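Visitor: Take this structure, written in structure tokens, and hold onto it; I'll ask about it next.
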Amino acid sequence: MDEKSFIKQLFDQHRNTKPGIHLSTVGALADGLMKLLFPTLCDKVYENEDAFAVDFLKLKTHLLQLLRKLPDPKIPVEEIQTKFIASLPRLMQEMESDADAILSGDPAAVDRVEVIRTYPGFYAIAIYRIAHQFSTLGTDYIPRMLTEYAHNKTGIEIHPSAKIGPRFCIDHGTGVVIGETVEIGADVKLYQGVTLGALSVSKEMAKTKRHPTIGDRVIIYANATILGGETRIGSDSIIGGNVWITRSIPDGSRVYYREGKEELIVEPKR
């Protein structure tokens, strides 16, 4: 194909394609929302409530403009906007509980302000909660773009369709991967490099439970890999660093490799 024909082909594709949603635009929405929800992140001082209300309205308008770029929304975009805005008090409460869980779980954390301002784990979880809410409203692209934006900033990858309970803590966080059908209970803590993934990446398994379930009050240390949709880590368990798990673990277990051997030890937690 000569250059002229190639240019015409590209032009025709552009002409016949609806303008898409860009990661930077979705990221700007996420950061703008975080600044409104958490004053400690905001770089602006509001003199009165009216001034704040104007910026809140701008955010709602930005969201509506973004939603109107969706190719085939499952419900009217105005309804998506209304339902998302109505969810913000609950989302903010969940994020604050996550921040408190990180604060209580990390001896180095000074206060909630430091966690919200500087901790990549908090940011990744907060953006996940926003993205997950959008995924429940039937929006395409936006949820995944939100979590990918957070992934780019933090090195933490959380699929927006994962189900994560309250008071979730990711410490350090770099390299954490949480798959699409993961289910995580309450008061769970992960360290860096943890993978909650699938045993198989076959496309035929796209609509099945491919990723593990983590019970309540589980601690998973650095670089542990837990795979499989039938794999369940029982509540109140401790998973040691660098272990590889593809089977279920009973409640209240301690899992680790015996020193000097490649033998996985599962025993009651002491």
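The values are calculated or read from the model by the stated rules, or taken from the named source; none is laboratory data. Treat the numbers as computed from the prediction; the structure is a model and nothing was measured. Don't worry about glycine lacking a Cβ; one is built from the backbone with ideal geometry, like all the others, and counts go over all protein chains shown.
Visitor: From the residues in the stretch 1-45 that are surrounded by fewer than 10 Cβ atoms within 10 Å (Cβ to Cβ) and touching a residue at least 12 places away in the same chain (Cβ under 8 Å), which one is farthest from Glu94 (Cα to Cα)?
Guide: Restricting to residues being surrounded by fewer than 10 Cβ atoms within 10 Å (Cβ to Cβ) and touching a residue at least 12 places away in the same chain (Cβ under 8 Å), the top hit is Lys18.
Visitor: Considering the stretch 46-70 alone, what residues qualify as being among the basic types (Lys, Arg), part of a helix (DSSP H, G or I) and either surrounded by fewer than 13 Cβ atoms within 10 Å (Cβ to Cβ) or not assigned by TED's automatic domain parsing to the domain that holds Thr118 (or both)?
Guide: Applying the first criterion (among the basic types (Lys, Arg)) to the stretch 46-70 yields 58, 60, 68-69.
Next cut, part of a helix (DSSP H, G or I) only: 58, 60.
Passing the criteria: only Lys58.
Visitor: I've got another one for you. Run down Ile214, Ile239, Ile184, Ile170 and say which single residue is crowded, with 20+ Cβ neighbours inside 10 Å, farther than 24 Å from Ala126 by Cβ and in contact with a strand residue (DSSP E or B) (Cβ under 7 Å, 6 or more places away or on another chain).
Guide: On the way: Ile214 fails: farther than 24 Å from Ala126 by Cβ; Ile184 fails: farther than 24 Å from Ala126 by Cβ; Ile170 fails: farther than 24 Å from Ala126 by Cβ.
Being crowded, with 20+ Cβ neighbours inside 10 Å, farther than 24 Å from Ala126 by Cβ and in contact with a strand residue (DSSP E or B) (Cβ under 7 Å, 6 or more places away or on another chain) holds for just one of Ile214, Ile239, Ile184, Ile170, which is Ile239.
Visitor: Right, another one. Say we look at the stretch 24-55 and pick out the residues that are within 28 Å of the chain's Cα centre (by Cα) and acidic (Asp, Glu); which of these is farthest from Thr118 (Cα to Cα)?
Guide: Ranking the qualifying residues of the stretch 24-55, first place goes to Asp55.
Visitor: Still on this model: Among the acidic types (Asp, Glu), at pLDDT below 95 and assigned to a helix (DSSP H, G or I): which single residue out of Asp12, Asp43 fits that description?
Guide: Numbers: Asp43 fails: assigned to a helix (DSSP H, G or I).
So the residue among Asp12, Asp43 that is among the acidic types (Asp, Glu), at pLDDT below 95 and assigned to a helix (DSSP H, G or I) is Asp12.
Visitor: Just name the residue that is surrounded by the most Cβ atoms within 10 Å (Cβ to Cβ) out of those in the stretch 79-96 that are farther than 15 Å from Phe134 by Cβ and of a type outside the set (A, V, I, L, M).
Guide: So the residue we want is Glu96.
Visitor: For the stretch 71-86, which residues satisfy the criterion of being assigned to a loop (DSSP other than H, G, I, E, B) and either modelled with pLDDT of 85 or more or within 20 Å of the chain's Cα centre (by Cα) (or both)?
Guide: The first filter runs over the stretch 71-86 and keeps only residues assigned to a loop (DSSP other than H, G, I, E, B), leaving 71-76.
The answer is Ile75, Pro76.
Visitor: Looking at (1) closer than 15 Å to Cys169 by Cα; (2) under 20 Å from the mean Cα position of the chain (by Cα), which is the one condition that is false for Pro107?
Guide: Of the numbered conditions (1) closer than 15 Å to Cys169 by Cα; (2) under 20 Å from the mean Cα position of the chain (by Cα), the odd one out for Pro107 is (2).
Visitor: Still on this structure, please answer the following. Among the residues in the stretch 6-23, are any within 17 Å of the chain's Cα centre (by Cα) and closer than 25 Å to Tyr149 by Cβ? Don't jump to the end; show me each part of the working.
Guide: First pass over the stretch 6-23, keeping only residues within 17 Å of the chain's Cα centre (by Cα): 23.
Keeping just the survivors that are closer than 25 Å to Tyr149 by Cβ gives 23.
Checked the stretch 6-23: at least one residue is within 17 Å of the chain's Cα centre (by Cα) and closer than 25 Å to Tyr149 by Cβ.
Okay, residues lined up against (1) aromatic (Phe, Trp, Tyr); (2) buried (at least 21 other Cβ atoms within 10 Å of the Cβ); (3) assigned to a loop (DSSP other than H, G, I, E, B); (4) assigned by TED's automatic domain parsing to the domain that holds Thr246:
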| residue | (1), (2), (3), (4) |
| --- | --- |
| Phe122 | yes, yes, no, no |
| Ile127 | no, yes, no, no |
| Asp140 | no, no, yes, no |
| Pro166 | no, no, yes, yes |
| Leu196 | no, yes, no, yes |
| Glu230 | no, no, yes, yes |
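Visitor: Can you tell which of Lys207, Lys153 is in a helix (DSSP H, G or I), basic (Lys, Arg) and surrounded by fewer than 17 Cβ atoms within 10 Å (Cβ to Cβ)? Don't jump to the end; show me each part of the working.
Guide: Details: Lys207 fails: in a helix (DSSP H, G or I).
Testing whether each residue is in a helix (DSSP H, G or I), basic (Lys, Arg) and surrounded by fewer than 17 Cβ atoms within 10 Å (Cβ to Cβ) leaves just Lys153.
Visitor: Now for a separate question. Counting just the residues of the stretch 97-120 that are surrounded by 16 or more Cβ atoms within 10 Å (Cβ to Cβ) and among the acidic types (Asp, Glu), which one comes out nearest to Ala186 (Cα to Cα)?
Guide: Asp98
Visitor: Oh, and also: In the stretch 52-72, what residues are of a type outside the set (D, E, K, R) and touching a Leu at 6+ places or on another chain (Cβ under 7 Å)?
Guide: Restricting attention to the stretch 52-72, the residues satisfying the condition of being of a type outside the set (D, E, K, R) are 52-54, 56-57, 59, 61-67, 70-71.
Selection gives Phe56, Leu59, His62, Leu63, Leu66.
Visitor: For the stretch 1-56, which residues satisfy the criterion of being farther than 23 Å from Tyr123 by Cα and either touching a helix residue (DSSP H, G or I) at 6+ places or on another chain (Cβ under 7 Å) or among the polar types (S, T, N, Q) (or both)?
Guide: Ser5, Gln9, Gln13, Asn16, Thr17, Tyr46, Asn48
Visitor: Here is a follow-up. Across the stretch 181-209, what is the number of residues that are of a type outside the set (Gly, Ala, Ser) and modelled with pLDDT under 95? Give the derivation first.
Guide: Going residue by residue through the stretch 181-209, those that are of a type outside the set (Gly, Ala, Ser) are 181-184, 187-192, 194-196, 199, 201, 203-205, 207-209.
Cutting the leftovers down to modelled with pLDDT under 95 gives us 199, 201, 203-205, 207-209.
Residues in the stretch 181-209 being of a type outside the set (Gly, Ala, Ser) and modelled with pLDDT under 95: 8 in total.
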